[in-house]
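Since the structure comes first, as structure tokens, the remarks are kept for the end.
The values are calculated or read from the model by the stated rules, or taken from the named source; none is laboratory data. Quick caveat: nothing in here was measured; it's all calculated off a predicted structure. FYI the Cβ positions are ideal-geometry reconstructions off the backbone, even for glycines, and counts take in every protein chain you see. For accessibility, only protein heavy atoms count, side chains too; no ligands or nucleic acids. Shrake-Rupley method; radii C 1.70, N 1.55, O 1.52, S 1.80 Å.
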Amino acid sequence: MNASDVFVIGGGIAGLSIAWRAATRGLTVTLADPDPGSQATRASAGMLAPVSEVTYTEEPLLRLGLASLELWPAFAGELEAAGGIPVDLRCDGTVEVAYDADDLAQLDELAAFEEKLGLRVERLTGRQCRQAEPMLSPNVRGGLLARDDLWVNPRRVAQALQQAFQNAGGRIVRERVTTLEGLPADHVVVAAGAWSPSLLPGLPIRPVKGQILRLRGPRGFLSTCVRGTVRGSEVYLVPRDDGEIVVGATMEELGFDTRVTAGGVYELLRDAREIVPGITELELAETFAGLRPGTPDNLPYVGRHGDVWVAAGHHRAGVLLAPLTAEAVVAGLFGEADPMPECTPARI
Ligand SMILES: Cc1cc2nc3c(=O)[nH]c(=O)nc-3n(C[C@H](O)[C@H](O)[C@H](O)COP(=O)(O)OP(=O)(O)OC[C@H]3O[C@@H](n4cnc5c(N)ncnc54)[C@H](O)[C@@H]3O)c2cc1C
């Protein structure tokens, strides 16, 4: 194997983004993955939603999410031009809806928190929710509109990244790396998602299972991304340009288990049907389960870790954080300022 400047292990959205950006900065880059884009990235709904996903006590993650969201339009534009594959970046906003009175009270509290943080959300009555998204059930009590949240098709992003990376001179080796010893490169980047600890024992990353469905319907069946709270449980429906609707997702702490279960599918369809009853007419095109790389503080590890670089542990936000993660690792390789200092692996 020829020597490279950089050897990236893992071809999910993290590794592919880093590899592409490093190659466009003139570095010689090799990426190893037996099946790029096949794991959490393949499962992902692709919501770029720091506003509607904001959670109490996770303000550092919000800052990173907003910073990466700002990079997404230019990142997607450059990627489409370089990879020749449209990535379906959508800017129609996210409607967050509540099903019953308790769900509405919870959403009201969230809105107050979002407003306190200076985030742009608009409160909607049930009728206004249905004006924004006509397929919503008449039972929806009310909601919020987060105009700044975007979404993208992560499968297309992964394809475009592979193409753009190779067009920039990068090399993909379809192999699993079993040891960090003797890799032919000046810099090694471990971006192997939930599997990163197999190469870096002691890295506190665990798999968090997410079951997710793909329905197929007519184009334009839904015009916005819909997130719902239904009797306290959360569900989302993300439309694609070809009529696909992604319905997700469970959160399960079951180790490396990727079985799709009857219970998981049932709960997702049950909750999704409460807020968009018309989905029962759509084809159930795919069921899938992916493993989010979770960390103890829900922030990824991005930066220098001993002799190597790490970019792993992006949990629920790996697609959102991909442009910023790539920028951070490439900045590190060139000795430039780190845009994600709170993600340093030194905090382990
Ligand atoms: C159901 C679900 C829905 C999600 N929805 C969203 C969302 O809406 N928005 C969002 O931002 N995020 C979302 N996420 C999270 C997001 O998908 C992940 O954070 C992101 O994909 C992580 O990317 P990654 O590249 O680190 O990992 P992965 O995509 O898992 O990629 C890791 C890669 O490493 C490779 N690999 C592993 N071991 C080795 C090895 N030894 N040698 C070589 N290669 C190796 C694997 O083959 C794999 O391709 C979702 C996740 C799930 C599961």
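The strands (runs of 3 or more DSSP E) falling completely within segment 52-167 that include 1 or more residues that are within 23 Å of the chain's Cα centre (by Cα) map to 94-98, 142-146.
Among the residues making up segment 1-38, a single one is of a type outside the set (A, V, I, L, M, F, W, C), modelled with pLDDT under 95 and over 16 Å from Val308 (Cβ atoms): Asn2. Give the residue that is farthest from the ligand (Cβ to nearest atom), with candidates limited to residues of segment 1-22 that are of a type in the set (Gly, Ala, Ser) and surrounded by 24 or more Cβ atoms within 10 Å (Cβ to Cβ). Only one residue tops the list, namely Ala22. Only one entry of Asp297, Asp307 meets the criterion of being over 30 Å from Leu215 (Cβ atoms), open to solvent by 40 Å² or more (accessible area, probe 1.4 Å), more than 11 Å from the ligand (Cβ to nearest atom) and in contact (Cβ under 8 Å) with a residue 60 or more places away in the chain, and that entry is Asp307. Report whether or not Arg25 is among the charged types (D, E, K, R), touching an Asp or Glu at 6+ places or on another chain (Cβ under 9 Å) and within 24 Å of Thr344 (Cα to Cα). Against the criterion (among the charged types (D, E, K, R), touching an Asp or Glu at 6+ places or on another chain (Cβ under 9 Å) and within 24 Å of Thr344 (Cα to Cα)), Arg25 does not qualify.
Summed over segment 322-348, residues that are out of contact with any helix residue (DSSP H, G or I) (no Cβ under 8 Å at 6 or more places or on another chain) and of a type in the set (S, T, N, Q) total 1.
Taken over segment 186-204, residues that are surrounded by 19 or more Cβ atoms within 10 Å (Cβ to Cβ) and either near the ligand (Cβ under 9 Å from one of its atoms) or in a strand (DSSP E or B) (or both) amount to 11. Within segment 82-109, the set of residues being surrounded by 14 or more Cβ atoms within 10 Å (Cβ to Cβ), at pLDDT 95 or above and farther than 16 Å from Gly228 by Cβ comprises Ala82, Gly83, Ile85, Val87, Asp88, Leu89, Arg90.
For segment 103-117, filtered to residues that are charged (D, E, K, R) and touching a Ser or Thr at 6+ places or on another chain (Cβ under 9 Å), the residue that is nearest to Cys129 (Cα to Cα) is Asp103.
Just checking, does segment 320-341 include any residue being open to solvent by 10 Å² or more (accessible area, probe 1.4 Å), touching a residue at least 40 places away in the same chain (Cβ under 8 Å) and within 13 Å of the ligand (Cβ to nearest atom)? Yes, because at least one residue in segment 320-341 is open to solvent by 10 Å² or more (accessible area, probe 1.4 Å), touching a residue at least 40 places away in the same chain (Cβ under 8 Å) and within 13 Å of the ligand (Cβ to nearest atom). Determine, yes or no, whether Gly46 is crowded, with 24+ Cβ neighbours inside 10 Å, closer than 17 Å to Gln166 by Cα, within 7 Å of the ligand (Cβ to nearest atom) and not assigned by TED's automatic domain parsing to the domain that holds Asp241. No: the conditions fail for Gly46.
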